[in-house]
Structures are given as C-alpha cells and as structure tokens.
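**Student:** Here it is, the structure in full.
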Amino acid sequence: MSQENTPSHVAAFAGSNLIAAGPLAHVALHVHAQAATDCPVLVFSDETGRVVDLDLRGTREDVAQRYAEATQPQEVTPQEAPKGRGRPKLGVVPREITLLPRHWEWLASQQGGASQTLRRLVDEARKADGGRTQAKAAQERTYRFVTALAGDLPDYEEAVRALFASDRAALDRHMQAWPADVRQYALRLLGENAANDRKD
C-alpha cells in the first residue's frame with residue numbers, strides 16, 4: 001500500500017459487528033489480534049468506503065511499526081526538496097497542469113498572474129458547486145460500504161435507491177432491520193451522523 005493511498009482513518013468489521021475504528025495503525029493492531037479467530041474481518045476506509053487490505057504478517061510489534069511508518073508524513077531533506085517557485089510554508093503545492101495555448105494566453109493577460117487567477121477560479125467554482133460534489137462523494141463511499149457488507153440484508157436495493165435519491169427518511173426506513181453497527185457506520189460515511197465517536 002503506497003503512502004498516498006493509505007487512509008488515515010478506517011473501520012474494521014467482523015461480520016456485521018464493528019470491532020475497531022480510528023487511525024489505521026490503531027485498527028491494524030485490533031485486526032491482527034482478531035486474525036486468530038475464524039470470523040473474517042473487513043476494513044473500510046472512512047475517506048472512500050473502499051475495502052482496505054492490511055498486511056498483518058509478523059508480530060504485533062511488526063504490524064505496529066509497519067502502519068506507524070505508513071501513516072507518518074515523509075520528511076523531505078534539503079537535498080530532496082524541489083527547487084523552484086511556490087510557498088510551501090503557506091501550504092502552496094506546486095503541481096504541473098496542461099493547458100492549450102489559448103488558455104495560457106488568457107491567463108497571462110489576467111491581473112495577478114496565472115497562479116492567482118487559477119486559485120480564484122477554483123474558489124469560485126467550489127462556491128458555485130453548493131456542496132454537490134461533496135454530497136456525491138458521500139453517496140459513493142456509502143454505496144461502496146453497503147454493497148460490500150449489506151448486500152444480503154433486507155431492503156438493500158430499496159436503501160440504495162433512497163441513498164441516491166437523497167431521501168433520508170426512506171433510507172432510515174429501509175435500513176431499520178440492519179445491524180446497528182452497519183447502519184451507524186453507513187450514516188457516518190454519508191456524513192449525516194453527528195457522532196464521530198470511534199470504538200477502541
């Protein structure tokens with residue numbers, strides 16, 4: 001698992017029971033301890049709702065070290081630091097973008113330069129979006145989770161239809177018979193569960 005694909009927070013389910021949730025390193029230790037049992041464990045990323053494969057080889061200490069290292073920010077030595085423009089202390093991240101010549105010409109004619117103009121355009125687009133992109137992402141991650149863990153539960157298909165119709169009342173109704181941990185985590189992924197408590 002590359003560091004850029006490493007989720008910061010995850011939730012582990014043994015069957016339909018939530019056995020641990022929180023930082024990846026913390027949950028990996030719980031899953032390692034559970035590995036001796038016959039019940040398979042699935043781990044889900046809070047960010048994407050996708051199943052996360054854990055490397056549980058070795059001792060508890062091996063797992064602790066592996067995931068502590070995986071979630072640590074990588075330090076860049078002065079020799080490795082990229083040279084060039086940017087203001088890293090302000091959180092400015094330099095990345096390459098490709099545009100057609102007419103786009104570059106237009107950007108060059110704007111007051112403040114290309115970078116400032118692009119930042120302004122992105123901010124304006126985010127405001128105009130009205131949260132639709134975030135809502136869609138929340139639906140997608142919730143869908144991934146319920147498909148993996150709730151596909152055989154009562155009213156699954158109706159719940160999915162309600163999810164994508166943004167019909168919270170119908171979603172609640174169709175998930176009513178689901179195990180509490182599955183229902184609560186689905187709502188947390190959807191962003192509509194105010195409680196962010198994490199089990200130990």
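**Student:** Determine which member of the set ALA177, ALA186 is more than 18 Å from GLY131 (Cβ to Cβ) and buried (at least 20 other Cβ atoms within 10 Å of the Cβ). Walk me through it before giving the result.
**Tutor:** Details: ALA177 fails: buried (at least 20 other Cβ atoms within 10 Å of the Cβ).
Going through ALA177, ALA186 in turn, the sole match is ALA186.
**Student:** Same structure again: Kindly indicate whether THR48 is surrounded by fewer than 12 Cβ atoms within 10 Å (Cβ to Cβ) and among the β-branched types (Val, Ile, Thr). Walk me through how you get there before you give the answer.
**Tutor:** Working: surrounded by fewer than 12 Cβ atoms within 10 Å (Cβ to Cβ): no; among the β-branched types (Val, Ile, Thr): yes.
So THR48 does not fit the description; no.
Quick grid of which residues meet (1) farther than 26 Å from SER45 by Cβ; (2) surrounded by 12 or more Cβ atoms within 10 Å (Cβ to Cβ); (3) at pLDDT 85 or above; (4) touching a Leu at 6+ places or on another chain (Cβ under 9 Å):
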site	(1), (2), (3), (4)
VAL92	yes, no, no, no
ALA108	yes, no, no, no
ALA128	yes, no, no, no
ALA137	no, yes, yes, no
GLU140	no, yes, yes, no
ARG168	no, yes, yes, yes
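**Student:** State which residue pairs qualify: first residue closer than 15 Å to VAL93 by Cα and inside segment 110-124, second residue of a type in the set (A, V, I, L, M) and loosely packed, with under 10 Cβ neighbours inside 10 Å in any location, beta carbons under 9 Å apart, and separation of 6 or more residues or different chains.
**Tutor:** Qualifying pairs under 9 Å: LEU118/ILE97.
The values are calculated or read from the model by the stated rules, or taken from the named source; none is laboratory data. On a predicted model such as this, the values are computed, not experimentally measured, just so you know. Here the Cβ is made from the backbone with ideal geometry for all residues, glycine too, and neighbour counts use every protein chain on show.
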